[in-house]
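Chemist: Take this structure first; my questions come after.
The values are calculated or read from the model by the stated rules, or taken from the named source; none is laboratory data. In this text the structure is predicted, and so the values were computed from the model without any measurement. For neighbour counting, all protein chains shown are included, and Cβ atoms are generated from backbone atoms with ideal geometry for every residue, glycine included. The accessibility values were calculated without ligands, DNA or RNA, using every heavy atom of the protein model including side chains. Shrake-Rupley method; radii C 1.70, N 1.55, O 1.52, S 1.80 Å.
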Amino acid sequence: QINNWNELKKMRNKEVVLLHQLNEEFKANLEQLDNKMIMRNAVIKSSKFLLNAIDNNSIPSRDSIVKHLKTTLYTPTFNSNTDNYFTSRDINLIQNDSLKNLLSKWPTKVDELNEEEILLVNHRENHYMPFLANHIQIRDLYHNVELDIDMKDLIYPKRGKPLDLIIGESKQPKTYEVLLQNEELEEYLSYTILFNNISQTQSVPLKDHINIILDQIQKSLEHYQ
């Protein structure tokens with residue numbers, strides 16, 4: 001009986017350690033997801049700004065065009081290691097059945113979001129970027145990415161060492177106004193808005209799922225206090 005009691009105590013101690021690890025992990029997941037949603041909203045807003053300029057046959061300033069084109073290049077993806085999710089931790093240690101059920105659904109829910117994000121990444125790399133490269137100086141967009149302080153705070157690791165990544169603007173002739181008259185741009189921007197909206201829609205239930213997991217983790221930890 002004493003041996004059984006000692007084994008049970010060891011298992012419960014391991015469970016508490018796992019619960020604390022999961023608590024930190026899902027808090028980080030929540031922060032990352034919030035940041036990705038902020039970035040997608042910015043992409044959608046800039047894409048709509050450019051579509052509005054096309055619809056109204058207006059020509060914004062060069063700086064404004066570059067600023068919004070730069071933002072449409074962002075393809076935020078939610079990163080969570082789901083490949084070996086169950087092999088890297090012993091979920092069976094957890095006594096809370098509701099929590100175990102929520103955790104069992106986590107990899108599938110993340111993969112559903114990632115599927116849409118991958119489509120947008122492939123669209124940018126295989127279609128949108130080559131199109132832009134044929135009409136404007138991509139160097140200008142990259143230069144503006146590095147000047148985007150708000151986005152850099154979301155993209156780069158916190159407290160990381162600052163890097164000198166400023167590459168400067170191109171000295172080649174500018175053709176941004178002509179780009180807005182190209183009908184293909186309208187198609188690319190529409191695609192960007194559509195799939196960012198889909199990812200945003202799928203992010204909402206994923207965020208709810210994270211919050212429920214965190215709530216169940218807290219309830220499980222309170223049981224041992």
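Chemist: Among 94-101, 184-191, how do they line up from the highest to the lowest mean number of other beta-carbon atoms within 10 Å?
Modeler: Per-residue mean Cβ counts within 10 Å order the peptides as 184-191, 94-101.
Chemist: Which value, in debye to the nearest 20, describes the size of the charge dipole of the chain about its Cα centre when Lys and Arg Cβ atoms bear +1, Asp and Glu Cβ atoms bear -1, and nothing else is charged?
Modeler: 720 debye
Chemist: Suppose all protein chains stay in the model; what accessible area per residue would a 1.4 Å probe give for the chain, in Å²?
Modeler: Dividing the accessible area of the chain by its residue count gives 58 Å².
Chemist: On the accessible surface of segment 22-144, probed at 1.4 Å, how many percent belong to carbon and sulfur atoms?
Modeler: Reported share for carbon and sulfur atoms: 45 percent.
Chemist: Before rounding to the nearest 500, sum -39500 (n - 2.57) across all DSSP H runs of length at least 4 in the chain and divide by the residue total; then give [θ] at 222 nm in deg cm²/dmol.
Modeler: The per-residue figure over the chain is -24500 deg cm²/dmol.
Chemist: Taking every pair of distinct Cα atoms and averaging 1/r, then inverting, what Kirkwood hydrodynamic radius in Å comes out for segment 23-128?
Modeler: 16.6 Å
Chemist: Related question: Over all Cα pairs of segment 1-67, how is the pair count split among 5 Å bins, expressed in % and running from 0 up to the last occupied bin?
Modeler: Result, from short to long distances: 3, 13, 11, 10, 9, 7, 8, 6, 6, 5, 5, 4, 4, 3, 3, 1, 0 percent.
Chemist: Not counting ligands, DNA or RNA, and with a 1.4 Å probe, what is H123's accessible surface area in Å² rounded to the nearest 10?
Modeler: Rounded to the nearest 10, the figure is 20 Å².
Chemist: Given labels modelled 7 Å from the Cα in the Cβ direction, how far is it in nm from I2 to N126?
Modeler: 6.7 nm
Chemist: Can you give the accessible area of R139, probe radius 1.4 Å, in Å² rounded to 10?
Modeler: 110 Å²
Chemist: Provide the FRET efficiency to the nearest 0.05 for the T82-N35 pair, computing r from the beta carbons and using R0 = 25 Å.
Modeler: The pair T82/N35 has a calculated efficiency of 0.85.
Chemist: Stretched out fully, how many nm does the piece from L93 to L221 gain, at 0.36 nm a residue minus the Cα gap?
Modeler: 44.8 nm
Chemist: Still on this model: Between the helical axis of 62-72 and the dominant principal axis of the chain, each derived from Cα atoms, what acute angle in degrees is found, rounded to the nearest 10?
Modeler: The angle comes out near 30 degrees.
Chemist: Take peptides 16-26, 66-76 and line them up by average Cβ neighbours within 10 Å, highest first, as a rough protection proxy.
Modeler: Output ranking for 16-26, 66-76: 66-76, 16-26.
Chemist: Oh, and also: Counting alpha carbon pairs within less than 8 Å and at least 6 residues apart, what relative contact order, in whole percent, applies to the chain?
Modeler: Averaging sequence separation for qualifying contacts and normalising by length gives 37 percent for the chain.
Chemist: Hey, if you put +1 on the Cβ of every Lys and Arg and -1 on every Asp and Glu Cβ in the chain, which of S98, V121, H20 ends up farthest toward the positive end of that dipole?
Modeler: Value computed over the given set: H20.
Chemist: For N197 and K45 in the same chain, what is the full-extension length gain: residue separation times 0.36 nm, less their Cα-Cα distance, in nm?
Modeler: Contour length minus Cα-Cα distance gives 53.6 nm.
Chemist: Determine the sum of side-chain charges near V204: Lys and Arg each +1, Asp and Glu each -1, restricted to other residues whose C-beta is under 14 angstrom from that of V204.
Modeler: 0
Chemist: Output the 0 to 90 degree angle, nearest 10, between the alpha-carbon long axis of helix 183-223 and the longest principal axis computed from the alpha carbons of the chain.
Modeler: 20 degrees
Chemist: What does the accessible area of K27 come to, in Å² to the nearest 10, when a probe of 1.4 Å is used?
Modeler: 110 Å²
Chemist: Of S46, S203, S58, which is the most mobile in a GNM of the chain whose springs link Cα atoms less than 10 angstrom apart?
Modeler: Fluctuation is largest for S58.
Chemist: Compute the angle between helix 97-123 and the longest alpha-carbon principal axis of the chain, please, reported from 0 to 90 degrees and rounded to the nearest 10.
Modeler: 20 degrees
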